[in-house]
């Protein structure tokens, strides 16, 4: 019998999910996969609840919730993270083109698109 804890975890509203799959890539642990054309958290023990997937969802289908679930399993996530790192493609700021290797990037929505902005360009995006 597995132990459960109350912790933060990603919730995906299936009615809002349009099946675009943009949330899969930011999930370094591999908790989110596409199943029958919809994003799903298939292994809750792989979801660390950090929420990097939230900002890229074009429909707002992803939220964070606190609920009873299994603990995050660092050991199970480690090989998945290592595999994703081997196939890593850096994201870039849509304003200045800075790579996430050069500056912290944040997910944003701009004109209906989900994209990335660096912290240097964020004030320009906010204030114009």
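Checking the conditions here, which among 111, 103 is loosely packed, with under 15 Cβ neighbours inside 10 Å and either modelled with pLDDT under 95 or assigned by TED's automatic domain parsing to the domain that holds residue 25 (or both)? 111 is the lone residue from the list that is loosely packed, with under 15 Cβ neighbours inside 10 Å and either modelled with pLDDT under 95 or assigned by TED's automatic domain parsing to the domain that holds residue 25 (or both). Considered as a group, the residues in the stretch 29-38 that are buried (at least 19 other Cβ atoms within 10 Å of the Cβ) and assigned to a loop (DSSP other than H, G, I, E, B) include one that is modelled with the highest pLDDT, and that residue is 31.
When residue 7 is tested against (1) touching a residue at least 40 places away in the same chain (Cβ under 8 Å); (2) part of a strand (DSSP E or B); (3) touching a strand residue (DSSP E or B) at 6+ places or on another chain (Cβ under 6 Å), exactly one condition is not met: (3).
The values are calculated or read from the model by the stated rules, or taken from the named source; none is laboratory data. These numbers were taken from a predicted model, which means no experiment stands behind them. Neighbour counts are summed over all protein chains in view; Cβ atoms, including those assigned to glycine, are modelled from backbone coordinates with ideal geometry.
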